[in-house]
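In what follows, a single structure is set out as structure tokens and then discussed.
The values are calculated or read from the model by the stated rules, or taken from the named source; none is laboratory data. Everything quoted here is computed from the prediction, not taken from an experiment. Methodologically, a virtual Cβ is constructed for each residue, glycine included, from the backbone with ideal geometry; neighbour enumeration extends over all protein chains shown. With ligands, DNA and RNA removed, areas are computed over all heavy atoms of the protein, side chains included. Shrake-Rupley method; radii C 1.70, N 1.55, O 1.52, S 1.80 Å.
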Amino acid sequence: MPLPIPSPLSKALLVLLGTISGALPLLAESPAPDNNAMTSGPAPAGKPWEPAWGFWPDYPADWQRTHWGFVEKTKAGGWDVLFLGDSITKNWMQQGRPVWDAHYEPLHALDIGIGGDTTRQTLWRIEHGALNGAQPKVIVLMIGVNNVNARAATAEEIAKGISEILAQIEARLPQSKILLLSVLPVGNPSLNPEVQKVNALLPKLEGGKVRFLDLTSLFATPDGKLILENYKPDQLHLLEPGYVAIDKALYPVLLEMLKNS
């Protein structure tokens, strides 16, 4: 039996549907996350440059709630500076708040750091809307200490993860500059050699719109001893003097980058 010949209207509809369906993959920014997997446990193991969702065992749904909350804030726009990173970044809103209110709030800065994040979570967040709607002049990135703490990757692999973050930011926000901060020294003497190795690799990522700022001398003496007044008792997270120390180095550089944007 011969197939019916499509009418001109049918042909037009088929062309239109084909055009739309062909465009759909281009419109999809990223696959929808599997929320059940995210709330039931950590992401599968992987390398520092492989995206992975975050997971807080005591609060299984809260990491993604935090992420999506930041997505909404970022989407609202109006931010000239974005601070992206882990708990040391997040705590600008706590121990660092007096400094933040004095210097960074007036710059229209938004802090979207999440505690516990590694390079993998940062990449996942970028893939899932963390920068959507944002047109910041500068992104301040500090990440990597949790990769070191996990002892699951070499310094070279961690630096590769940070390099991938920079590449993803540049691909999405080509007009934005990036201020990459060093990984801070910690109180565990077995980890600091790895921190130093990571920091030795980060200047190689500088260039174009990326600028590197090494903060090590503000947090450790030349012989490697921590400047303890900057740290909480865990010798990882910072007290207010630690944020004051960062601010002294960071603020003038950030002002210069904003001025030249």
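Being touching a residue at least 60 places away in the same chain (Cβ under 8 Å) and touching a Phe, Trp or Tyr at 6+ places or on another chain (Cβ under 9 Å) holds for only one residue in Leu258, Leu238, and it is Leu238. Residues in the range 38-52 that are open to solvent by 30 Å² or more (accessible area, probe 1.4 Å) and assigned to a helix (DSSP H, G or I): Thr39, Ser40. Selection within the range 110-130: residues that are open to solvent by 10 Å² or more (accessible area, probe 1.4 Å) and assigned to a loop (DSSP other than H, G, I, E, B). The member of this set that is farthest from Pro252 (Cα to Cα) is His128. Taking the criterion of being touching a residue at least 24 places away in the same chain (Cβ under 8 Å) and open to solvent by 10 Å² or more (accessible area, probe 1.4 Å), the residues of the range 93-109 that qualify are Gln95, Pro98, Val99, His103, Leu107, His108. Scanning the range 158-194 for residues that are assigned to a helix (DSSP H, G or I) and open to solvent by less than 40 Å² (accessible area, probe 1.4 Å) returns Ile158, Ala159, Gly161, Ile162, Ile165, Leu166, Ile169, Asn192.
Here Lys225 fulfils each of the conditions (1) at pLDDT below 95; (2) in contact with a Pro (Cβ under 8 Å, 6 or more places away or on another chain); (3) not β-branched (Val, Ile, Thr) apart from (2).
Looking across Phe83, Phe70, one residue alone is surrounded by 19 or more Cβ atoms within 10 Å (Cβ to Cβ) and assigned to a helix (DSSP H, G or I). It is Phe70.
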